[in-house]
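FYI, it's all coordinate maths here, none of it is from the lab. Treat the numbers as computed from the prediction; the structure is a model and nothing was measured. Neighbour counts run over all protein chains shown; Cβ positions are idealised from the backbone, glycine included.
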Amino acid sequence: MTNEWCGWREATERALYGPDDGFYTRPGGPGPAGHFRTSVHVSGLYAGAVAALLRRVDTALGHPDELALVDVGAGRGELLTGVLAVLPGEVAGRLRPCAVERAARPRDLDPRIDWRGELPAPGSVTGLLFANEWLDNVPVDVVETDADGVPRRVLVRADGTERLGGPVDGADAEWLRRWWALPPAPDVIGGTATGALPPGLRAEIGRPRDEAWAQAVRTLRAGLAVAADYAHERGDRPPFGTLTGFRDGREVSPVPDGSCDITAHVALDACAGPSAERLTQREALRALGVDGRRPPLALAATDPSGYVRALGSAGSAAELTDPAGLGGFGWLLEPVGGACAGLLAAGGA
Ligand SMILES: C[S@@+](CC[C@H](N)C(=O)[O-])C[C@H]1O[C@@H](n2cnc3c(N)ncnc32)[C@H](O)[C@@H]1O
């Protein structure tokens with residue numbers, strides 16, 4: 001890892017995905033589950049919900065001979081493994097499970113799962129493409145306003161030291177203008193608001209994520225693409241950005257030396273295509289039958305072990321749907337080909 005100055009996008013790319021020493025790609029590394037808990041790791045209920053969504057997609061597509069489930073940013077294949085475990089044999093027999101992941105295939109993975117480092121070819125997939133906490137790991141550049149309120153690219157070294165580089169221009173400036181309006185200072189000079197930007201505001205330029213997502217959606221011939229992630233909206237972008245690090249289960253300063261995850265919330269509204277639907281994870285999981293209600297106490301008398309199981313499941317469901325936590329995640333749904341529109345709408349198939 002060099003200690004040269006570069007933008008956060010380039011630094012993150014090297015730190016997370018460098019061939020020998022990247023945080024995610026380092027041979028023998030523990031994978032995402034060794035450092036943080038995603039919805040997939042919280043409970044099998046999540047894979048169960050994805051399986052339920054896959055079955056809705058299957059029905060909407062008229063039960064094709066080959067039904068794809070593509071997991072983008074598949075970690076160690078936990079979601080695909082969980083879905084395969086709960087699908088009925090008839091559907092599993094037609095399923096083509098595929099992991100798209102920059103890390104190497106784990107040993108002992110179910111041999112039915114195809115493992116590849118790149119997205120499938122455009123228009124080659126019929127089924128469900130699912131990406132949980134993928135886009136927040138697609139590297140982005142960071143900008144910060146200088147003493148005169150001019151947004152400049154933040155440069156960083158592998159030890160995490162930062163300085164400001166040149167002003168943001170071109171397609172990145174255009175993305176900022178359209179999707180991440182930095183809030184002007186409220187100061188007033190001679191009775192007129194100056195509209196100047198205060199120093200120290202920060203933003204992440206989500207353009208690489210918009211492009212990555214559009215490429216993922218384009219792999220579908222027919223079906224549904226879903227991205228689930230930490231998200232924010234144009235009207236409530238955080239004024240100082242969200243770039244951060246995770247290591248061994250703890251949030252840490254983002255240092256791009258391969259020792260920690262580097263992540264930033266996703267502007268899912270900017271990624272969304274024209275026919276996209278957006279829900280919170282809480283709404284999506286509830287539509288798929290996951291809810292955190294406790295089992296009736298009467299069950300404890302008639303079926304004590306069933307009651308304990310149901311209680312555990314309700315606890316996991318509550319964690320997955322907590323509006324202040326994972327339930328507050330955004331789900332971006334992109335139906336391709338019409339048949340899979342509205343699958344999570346109230347009363348959806
Ligand atoms: C936060 S982890 C999420 C893992 C899993 N989806 C889960 O929810 O537990 C993000 C994963 O995305 C992978 N990843 C990031 N960019 C990728 C890309 N362009 N293609 C394939 N995998 C990618 C990383 O290697 C990492 O394993």
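Size of the dipole of segment 37-105 about the Cα centre, Lys and Arg at +1 and Asp and Glu at -1 on the beta carbon, nothing else charged, in debye to 20? Before the final figure, lay out the partial values.
Details: 8 positive and 7 negative charges, 47 e Å.
Dipole magnitude for segment 37-105 comes out near 220 debye.
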Under a crude label model (7 Å from the Cα following the beta-carbon direction), how far is Val86 from Asp159 in nanometres? 4.8 nm
Among rounded, prolate and oblate, which fits segment 99-219 when a ≥ b ≥ c are the square roots of the eigenvalues of its C-alpha gyration tensor, a/c under 1.5 means rounded, and a/b larger than b/c means prolate? prolate
Given the Cα-Cα distance of Ala214 and Arg293 and 0.36 nm per residue of separation, how much length would full extension add, in nm? 24.8 nm
Square roots of five times the C-alpha gyration tensor eigenvalues of the chain, ordered largest first and given in whole Å, equal 37, 23, 21
Per-residue ellipticity at 222 nm attributable to helices in the chain (runs of n ≥ 4 DSSP H, -39500 (n - 2.57) apiece, nearest 500 deg cm²/dmol) works out to -8500 deg cm²/dmol
To the nearest 20 debye, segment 63-185 has a Cα-centred charge dipole, built from +1 on Lys and Arg Cβ and -1 on Asp and Glu Cβ, of 200 debye
Computed over the Cα atoms of segment 141-203, what is the convex hull's projected area averaged over all directions, in nm²? 4.8 nm²
Give, rounded to the nearest 20 debye, the magnitude of the charge dipole that the chain has about its Cα centre when Lys and Arg contribute +1 at Cβ and Asp and Glu contribute -1 at Cβ. 720 debye
Using the charge dipole of the chain (Lys, Arg: +1 at Cβ; Asp, Glu: -1 at Cβ; taken about the Cα centre), state which of Ala339, Ser253, Val266 has its Cα farthest towards the positive end. Ala339
Restricting to Cα pairs below 8 Å that are 6+ residues apart, what does the relative contact order work out to for the chain? Please round to a whole percent. 20 percent
Once Lys and Arg get +1 and Asp and Glu get -1 on their Cβ, which of Val154, Ala203, Ala104 lies farthest toward the positive end of the dipole of the chain? Ala104
